[in-house]
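The values are calculated or read from the model by the stated rules, or taken from the named source; none is laboratory data. On a predicted model such as this, the values are computed, not experimentally measured, just so you know. For neighbour counting, all protein chains shown are included, and Cβ atoms are generated from backbone atoms with ideal geometry for every residue, glycine included.
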Amino acid sequence: MKIFDLGPSPTEKKEENIMDKNYYVTTPIYYPSGKFHIGTAYVTTLADMLKRLKKMQGYDCLMLTGVDEHGQKIEDKAKDENMSPQEYVDVQADAAKKLWKTMKIDYDIFMRTTDEYHCKAVQEIFERFLKQGDIYKGEYEGWYCKPCESYFTETQLVDGKCPDCGREVTKMKEEAYFFNMKKYADRLLEYYNTHPDFIKPEYRKTEMINNFIKPGLEDLCVTRTSFDWGIKVKSDPKHVIYVWLDALTNYITALGYLSDDDSKFKKYWPADVHLVGKDIARFHLIYWPIFLMALDLPLPKTIFVHNWFVMKDGKMSKSKGNVIYPDQLIERYGLDATKYFLIRELPTSQDGLFSPEEFVERYNFDLCNDLSNLLNRTISMVNKYFDGKVPEYKGLQNEVDEDLEKASKDAITNFENEINNFEFANSLKAIWSYISRTNKYIDETSPWVLAKDEESKEKLKSCIYHLVANLREIAILIRPLMEDTSDNMLRQLGMSNNVTWDSLKEYKDIKNTKVIEKGEPIFMRLNAEEEVEAIKDMMKK
Ligand code: MSP
């Protein structure tokens with residue numbers, strides 16, 4: 001019999017805390033309208049990196065991606081291809097999954113909005129809104145943008161064109177249901193102001209307030225009668241539910257919300273982060289939180305809005321012949337180089353430029369010169385001076401060692417800070433400045449000089465130890481984004497790839513390690529001129 005209940009032991013407690021650490025990250029669900037280019041692949045790459053990082057940190061993670069399969073655009077596309085909409089979306093969903101496989105995207109749920117459980121839940125949500133009086137029936141007259149499937153008022157148009165995509169709009173009138181957005185406007189504003197982490201980066205919040213909330217939120221038309229391919233309103237089936245109401249709710253229906261098994265919903269909602277592109281910020285920052293408020297559900301902790309990849313001559317488009325697809329880059333330069341470029345080149349503050357020159361330069365400088373050469377030089381020195389056996393930690397031999405160890409700690413802190421601030425390109429910059437610092441350490445310590453003098457043997461051991469320890473740390477830091485490279489580095493260093501984020505704490509603990517006899521370059525220098533041309537050719541195809 002227990003007399004005193006002392007609570008969980010420290011180890012039990014630790015395990016309990018880890019179990020509490022859930023992380024739910026989402027990408028937008030894609031329109032299945034053709035091949036995904038590198039711009040569209042960006043957000044999935046980012047979600048995958050965050051998931052892998054959190055997993056290494058001991059979180060129980062769930063990543064959602066998928067396809068947004070309803071709407072007039074899809075109906076039209078299917079017609080163009082002589083297919084039924086369902087046949088068309090089936091083919092497209094398979095193509096999306098194939099790309100994510102090539103990119104080794106570690107998603108947990110692939111949402112398809114044509115799945116029955118989703119359709120049923122959306123219908124129920126609609127009926128609930130009707131019952132609550134959040135949705136009412138009326139008549140809609142407005143300027144309709146077919147590609148965006150959105151109505152606009154006269155004042156919202158920019159030079160008479162769609163404010164979102166700049167294309168032609170047409171005047172249309174139809175019986176429709178509306179969602180009473182106005183009712184929630186003050187609550188939304190209050191939420192923005194009391195939850196500083198809700199919208200990242202901050203300037204997107206200002207945009208929403210100034211462009212949409214302050215001028216007065218319009219009620220949103222949430223049904224269509226002009227086409228068929230969508231989820232029907234249960235109580236009035238000639239109406240199809242607006243594709244954005246259908247799509248946004250995927251973030252909760254994917255977890256089983258309103259289904260027989262909502263255990264995932266209970267465990268993972270609210271999402272830790274929705275990652276969305278700037279063109280769909282309004283839907284996620286205004287309509288989605290309002291729908292959730294109307295459902296009486298907690299809001300996602302953060303919605304991060306990213307910028308776009310653009311080309312020298314503007315937006316990527318097939319007609320301009322400037323589109324580049326991830327599988328083309330992966331085939332020629334490998335997965336990790338492609339993913340590195342995507343995350344490294346898109347800043348949080350503005351659009352990122354894709355240019356063949358920049359791609360080749362990043363490959364040659366960052367990956368080949370800085371990273372690959374550091375590994376190679378180190379492995380060859382361990383072999384040359386110590387027969388491949390890594391010396392044990394010797395403490396600090398001089399100020400340079402001290403400075404390097406400080407850089408090692410700073411690299412981890414800087415990386416984590418940048419990630420926590422949603423500065424993903426900078427998080428890689430932090431790793432690469434550490435790589436440069438380590439390269440500089442070789443020049444500062446000149447191991448080839450130390451090797452000449454028996455008296456400096458201890459210094460040489462310390463130098464080589466630090467280089468190996470730094471490389472191990474680098475392999476762990478890049479792991480969430482570049483797992484194959486990380487595996488390769490650890491293998492060449494003679495170490496296990498069974499590492500977690502906590503392994504970073506073992507900087508001084510490397511023992512009994514033997515590197516491979518001859519280093520293998522992880523990235524080989526490219527012939528810049530040839531490769532720039534090769535990428536330009538890919539764009540023309
Ligand atoms: N179906 C909607 C999302 C619904 S989410 C509930 C949609 N799909 S999309 O296929 O058009 O876009 C998917 C994502 O790709 C969006 O986040 C969009 O911003 C992003 N990108 C499209 N072109 C892009 C670039 N050139 N660069 C970076 N991201 C880009 O919107």
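At pLDDT 95 or above, of a type in the set (Lys, Arg) and not in a helix (DSSP H, G or I): is that true of Lys97 in this structure?
Answer is no for this residue.
Condition check: touching a helix residue (DSSP H, G or I) at 6+ places or on another chain (Cβ under 8 Å), modelled with pLDDT of 95 or more, among the hydroxyl-bearing types (Ser, Thr, Tyr) and closer than 21 Å to Met538 by Cβ. Does Tyr385 satisfy that?
So Tyr385 does not fit the description; no.
Check Glu331 against each of (1) more than 20 Å from the chain's Cα centre (by Cα); (2) away from the ligand (no atom under 16 Å from the Cβ); (3) within 28 Å of Val222 (Cβ to Cβ) and name the one condition it does not meet.
All conditions are met except number (3).
For the stretch 349-389, what are the residues that are touching a residue at least 60 places away in the same chain (Cβ under 8 Å), closer than 23 Å to Gly519 by Cα, touching a Lys or Arg at 6+ places or on another chain (Cβ under 7 Å) and crowded, with 16+ Cβ neighbours inside 10 Å?
Asn364, Cys368, Gly388, listed by residue number.
Return the only residue of Pro163, Pro147, Pro201, Pro196 being within 16 Å of the ligand (Cβ to nearest atom) and closer than 27 Å to Asp272 by Cβ. Talk me through it step by step, then tell me what you get.
Details: Pro163 fails: closer than 27 Å to Asp272 by Cβ; Pro147 fails: closer than 27 Å to Asp272 by Cβ; Pro196 fails: within 16 Å of the ligand (Cβ to nearest atom).
Checking each option against the conditions leaves just Pro201.
Can you pull out every residue in the stretch 401-423 that is of a type in the set (Val, Ile, Thr) and either more than 19 Å from Leu50 (Cβ to Cβ) or in contact (Cβ under 8 Å) with a residue 12 or more places away in the chain (or both)?
We begin by selecting, within the stretch 401-423, every residue of a type in the set (Val, Ile, Thr); these are 412-413, 419.
Across the stretch 401-423, the qualifying residues are Ile412, Ile419.
Would you point out which residue out of Met19, Met56 is within 18 Å of Tyr268 (Cβ to Cβ) and at pLDDT 50 or above?
Met19
Kindly indicate whether Leu188 is among the hydrophobic types (A, V, I, L, M, F, W, C), in contact with a Pro (Cβ under 9 Å, 6 or more places away or on another chain), touching a residue at least 60 places away in the same chain (Cβ under 8 Å) and away from the ligand (no atom under 16 Å from the Cβ).
Spelling it out, Leu188 is indeed among the hydrophobic types (A, V, I, L, M, F, W, C), in contact with a Pro (Cβ under 9 Å, 6 or more places away or on another chain), touching a residue at least 60 places away in the same chain (Cβ under 8 Å) and away from the ligand (no atom under 16 Å from the Cβ).
Among the residues of the stretch 187-203, write down those that are more than 18 Å from the chain's Cα centre (by Cα) and either outside any helix (DSSP H, G or I) or of a type in the set (Lys, Arg) (or both).
Of everything in the stretch 187-203, those that are more than 18 Å from the chain's Cα centre (by Cα) and either outside any helix (DSSP H, G or I) or of a type in the set (Lys, Arg) (or both) turn out to be Arg187, His195, Pro196.
Identify all residues within the stretch 250-270 that are within 16 Å of the ligand (Cβ to nearest atom) and part of a helix (DSSP H, G or I); write none if there are none.
Asn250, Tyr251, Ile252, Thr253
Could you grab me the full set of residues in the stretch 38-71 that are in a helix (DSSP H, G or I) and more than 13 Å from the ligand (Cβ to nearest atom)?
Within the stretch 38-71, Asp48, Met49, Leu50, Lys51, Arg52, Leu53, Lys54, Lys55, Met56 meet the criteria.
Determine whether the stretch 188-199 contains at least one residue that is closer than 26 Å to Leu292 by Cβ and of a type in the set (Val, Ile, Thr). Reasoning before the result, please.
Of all residues in the stretch 188-199, those closer than 26 Å to Leu292 by Cβ come to 188-199.
Adding the requirement that they be of a type in the set (Val, Ile, Thr) leaves 194, 199.
Taking every residue of the stretch 188-199 in turn, at least one turns out to be closer than 26 Å to Leu292 by Cβ and of a type in the set (Val, Ile, Thr).
Just one of Asp159, Asp106, Asp115, Asp134 is within 30 Å of Gln328 (Cβ to Cβ) and acidic (Asp, Glu); which is it?
Just a single option satisfies the conditions, and that option is Asp106.
Taking interchain pairs and intrachain pairs at least six residues apart, which have beta carbon atoms under 7 angstrom, with the first residue in the stretch 208-237 and in a loop (DSSP other than H, G, I, E, B) and the second exposed (fewer than 13 other Cβ atoms within 10 Å of the Cβ) and not basic (Lys, Arg)?
These pairs meet every condition: Glu218/Thr153.
Right, Lys104: closer than 20 Å to Thr40 by Cβ and either in a helix (DSSP H, G or I) or free of Cβ contacts under 8 Å to residues at least 12 places away in the same chain (or both) or not?
no
Go through (1) surrounded by fewer than 18 Cβ atoms within 10 Å (Cβ to Cβ); (2) over 26 Å from the mean Cα position of the chain (by Cα); (3) at pLDDT 95 or above one by one and return the number of the condition Gly230 breaks.
Gly230 satisfies every listed condition except (1).
Which condition number in (1) under 18 Å from Asn193 (Cα atoms); (2) part of a strand (DSSP E or B) is the one that His274 fails?
With (1) under 18 Å from Asn193 (Cα atoms); (2) part of a strand (DSSP E or B) applied to His274, the lone miss is (1).
Out of (1) within 15 Å of the ligand (Cβ to nearest atom); (2) in contact with a helix residue (DSSP H, G or I) (Cβ under 9 Å, 6 or more places away or on another chain), what's the single condition that is false for Ser317?
It fails just one condition, (2).
Only residues that are surrounded by fewer than 16 Cβ atoms within 10 Å (Cβ to Cβ) and not polar (S, T, N, Q): list them for the stretch 430-450, please.
Passing the criteria: Lys440, Asp443, Glu444, Trp448, Val449.
Looking at Ile290, Ile280, can you tell me which residue is β-branched (Val, Ile, Thr), within 11 Å of the ligand (Cβ to nearest atom) and at pLDDT 95 or above? Show your work before the answer.
Values: Ile290 fails: within 11 Å of the ligand (Cβ to nearest atom).
The match here is Ile280.
Give the residue that is farthest from the ligand (Cβ to nearest atom), with candidates limited to residues of the stretch 233-244 that are touching a Gly at 6+ places or on another chain (Cβ under 7 Å) and at pLDDT 95 or above.
Residue satisfying both the conditions and the ranking: Val240.
So, in the stretch 293-323, exactly how many residues are over 28 Å from Glu124 (Cα atoms), buried (at least 19 other Cβ atoms within 10 Å of the Cβ) and at pLDDT 95 or above?
So the answer is 4.
Looking at (1) within 13 Å of the ligand (Cβ to nearest atom); (2) assigned to a helix (DSSP H, G or I); (3) of a type outside the set (Asp, Glu); (4) more than 24 Å from Lys101 (Cβ to Cβ), can you tell me which one Ala247 breaks?
(4)
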